[in-house]
Amino acid sequence: MSQKVDRIVVVGGGSAGWMTAAVLASGLKGRATVELVEAEEVGIIGVGEATLPSIRNYNQSLGIDEAEFLRATHGSFKLGIRFRDWLEVGQDYFHTFGPLGNLSGSQALWGQYRRTQQDGPLGLQCVPTVMAMKGRFTLPDEQSQFRYAYHFDAVLYVAFLRKLAMQRGARHTPGHIVDVVRRADGGVAALQLADGRRIEGDLFIDCSGFRSLLLGGALAEPFVDFSHWLPVDAAWACPCERSGEEIPPYTTATALEGGWAWRIPLQNRTGHGHVFASRFVDVDRAREQLLARLDGKPLAEPRLLRFTTGHRQRFWVHNVVAIGLSSGFLEPLESTSIYLIQDGIGRLMAALLAGRPLNEGDRAQFNAGSTRRFERTRDFIIQHYCLSRRRDSELWRHVSSMPLPETLAFKLELWRRFGVLHEYDEECADANSWLAIYAGMDSWPEREDPVVAEIPRERALQALQGRGRAIEASVERMPLHHQLLQQVLGQATP
Ligand SMILES: Cc1cc2nc3c(=O)[nH]c(=O)nc-3n(C[C@H](O)[C@H](O)[C@H](O)COP(=O)(O)OP(=O)(O)OC[C@H]3O[C@@H](n4cnc5c(N)ncnc54)[C@H](O)[C@@H]3O)c2cc1C
């Protein structure tokens, strides 16, 4: 059934709700009203402090000034993630947002690297990895071959977006939804609030978090469970005082017995958390493991969050579109949730701006695209686990022996047998990112490329060393991350 949209109701005021409301209010001015309903007493999840570079596109599309945003959210710059103890205990590597030389063709840099086999980690050939190792940061110019993201206080980001969305015309309606009034065709007609008010709309965006009030609740859309591949199902989160002056320009993810621990540096504090599989490690033990790792005084009691990895079978059903945790959640290892929110908003806006009533084709396209995006992201996250050589606990034995999704098995096979970095459509991570994980996990094709094998070993080594020295010298000239950050924070807002 085709549908005209004059009134849009966003349910929930977490990152998903306000990110959506800000874009809709800005982009649909004069075409549709945007009203956001939230139960302030329920609160938001309030974690989600690390992002991918696409967050910058989001902010820029709304005309957000970077310095103002960083000041408001206590943010810092993120070049990527440092993975510790993932391959085996004591080993670490970086996945940063930058190229690892040429990736294809007979001179592929990783092929030359393999040929020399003794030139330090492949990451020394990657500008942002060397920047991260040295704690340095500079804003990229047009010639730069790296991208960056942010760490920020998720609660402050929500407050920042709320102000912006309301300035752009979004209406904020505090209220607790107690019932959902349905239309004859199965869609949603209105929301019933606890105080008796009724909120009517043409299109409802479900951003109600793990509760999934409309899509999972009222419409009972089934859940596609990924927990056999991504078994973590809980997290302890705890903010801490910052130690020392320096702020690493990267997230740290350290593999532990039953999961992994994050460390996210902000201007004023460090976010710590332990994501774990409760069937492999006891909840209390997981809490102790987190507390033992804190590098500063805790600023709050650790908070326990529970979840199931996976997504709703469909994301858009009748006149309900789910965005954020209400649509699904893959664990936070590669900071992909806010990215998936952005992706959902982008698809929705494209349908709304098509200039015709919404129809079944829009829903089908949205659902197919979102499903693919979740599956690609799932595969990328599993790549981090399944290549591990750890066998020291049940979790690691499980992830190294579990059957893999077909799409991932195919990719891994192409790499292992032919050295091909295959990319599907709707990838969340490009070939550079996949290569960074393969290299970090010491996973290489079984055969040498016959053309690379023609390059004399000495010549390959010289080329790599020359490139490595040039990268190091350029990075040495950059300021330390906290110095650059101070400079940016001091800039006046235009
Ligand atoms: C452990 C953990 C770590 C994470 N780390 C990252 C990360 O580093 N990077 C990243 O990108 N993402 C991360 N995420 C995901 C990120 O937190 C979420 O994607 C993001 O915060 C969006 O949440 P949300 O808005 O969907 O839900 P929520 O923040 O839970 O908001 C739900 C909203 O719905 C409202 N609501 C609920 N019930 C009702 C009702 N009955 N009536 C009215 N309103 C109601 C609530 O009041 C609230 O406003 C992490 C998640 C977890 C669990």
So S104 and E301, fully extended at 0.36 nm per residue minus their Cα-Cα distance, gain in nm 66.0 nm
Calculated FRET efficiency, Q60 and A159, Cβ-Cβ r, R0 30 Å, to nearest 0.05?
0.90
Could you tell me which chymotrypsin sites (Phe, Trp or Tyr not before Pro) in region 61-128 are loop residues by DSSP with no more than 14 other beta carbons within 10 angstrom of their beta carbon?
none
If one computes the Cα centroid of region 36-83 and of region 161-203, what distance in Å separates the two points?
25
Taking only DSSP H segments of four or more residues, each worth -39500 (n - 2.57), what value at 222 nm results for the chain once the sum is divided by all its residues, to the nearest 500 deg cm²/dmol?
-11000 deg cm²/dmol
Kirkwood estimate for region 28-115, i.e. one over the average of 1/r between Cα atoms, Å
18.1
Label zone at R183, where the point sits 7 Å out along the Cα-to-Cβ direction: region 205-234 residues whose backbone N lies under 14 Å
205
What is region 39-89 by shape, rounded, prolate or oblate, if you read a ≥ b ≥ c off the alpha carbon gyration tensor as root eigenvalues and call it rounded for a/c under 1.5, prolate for a/b larger than b/c, and oblate otherwise?
oblate
I want to check the label-to-label distance for A409 and Q486. Put each point 7 Å from Cα in the C-beta direction and report it in nm to one decimal.
5.5
Segment Q167-A354, length gained on full extension (0.36 nm per residue, minus Cα span):
64.8 nm
Region 1-45 residues near the modelled R211 label - backbone nitrogen below 17 Å, point 7 Å along Cα→Cβ
9-18, 36-45
Quick one: ranking M19, M133 by accessible area, 1.4 Å probe, largest first, what do you get?
M133, M19
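How high is the FRET efficiency between V89 and R372 when r is their beta carbon distance and R₀ equals 41 Å, given to the nearest 0.05?
For V89 and R372, the calculated efficiency is 0.70.
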How large is the Rg to Rh ratio of region 269-403 when both quantities use alpha carbon positions and Rh follows Kirkwood?
1.07
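Could you calculate the FRET efficiency of D392 with F223 from 1/(1 + (r/R0)^6), where r is the beta carbon distance between them and R0 is 30 Å, rounded to 0.05? Write out the running numbers ahead of the final one.
Details: r = 32 Å, r/R0 = 1.06.
The computed FRET efficiency comes out at 0.40.
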Please report the base-10 log of the normalised intensity I(q)/I(0) for the chain, using a Debye sum with one equal scatterer per alpha carbon and no solvent, at each q in 0.06, 0.08, 0.12 (1/Å).
-0.29, -0.51, -1.14
Given charges at beta-carbon only (K, R positive; D, E negative), |dipole| of the chain in Debye
420
Under 16 Å between alpha carbons, and skipping anything fewer than 8 positions from K29 in its own chain: which lysines qualify?
K4
Prolate/oblate/rounded call for region 345-494, Cα gyration tensor, a/c under 1.5 rounded:
oblate
Within the chain, percent of DSSP bridges classed antiparallel, to nearest 5
70
Which pairs in the list K134/K163; K78/K411; K78/K163 are over 30 Å apart, alpha-carbon to alpha-carbon?
K134/K163
Among L203, A300, L290, flag the residue with its Cα farthest along the positive direction of the charge dipole of the chain, charges on Cβ as +1 for Lys/Arg and -1 for Asp/Glu.
L203
If the chain between V283 and K29 were fully stretched, how many nm would it gain, using 0.36 nm times the residue separation less the Cα-Cα distance?
86.7 nm
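With a/c under 1.5 counting as rounded, go ahead and sort region 381-433 into rounded, prolate or oblate using the C-alpha gyration tensor (a ≥ b ≥ c being the square roots of the eigenvalues; past the cut-off, prolate if a/b is larger than b/c, else oblate).
Prolate is the answer for region 381-433, as a/c is 1.5 or above and a/b outweighs b/c.
The values are calculated or read from the model by the stated rules, or taken from the named source; none is laboratory data. Note that the structure is a prediction, hence the values are computed from the model and not measured. Here Cβ is always computed from backbone atoms with ideal geometry, including for glycine, and neighbour counts include all displayed protein chains. These accessible areas exclude ligands, DNA and RNA; they are computed on the full protein's heavy atoms, side chains included. Shrake-Rupley method; radii C 1.70, N 1.55, O 1.52, S 1.80 Å.
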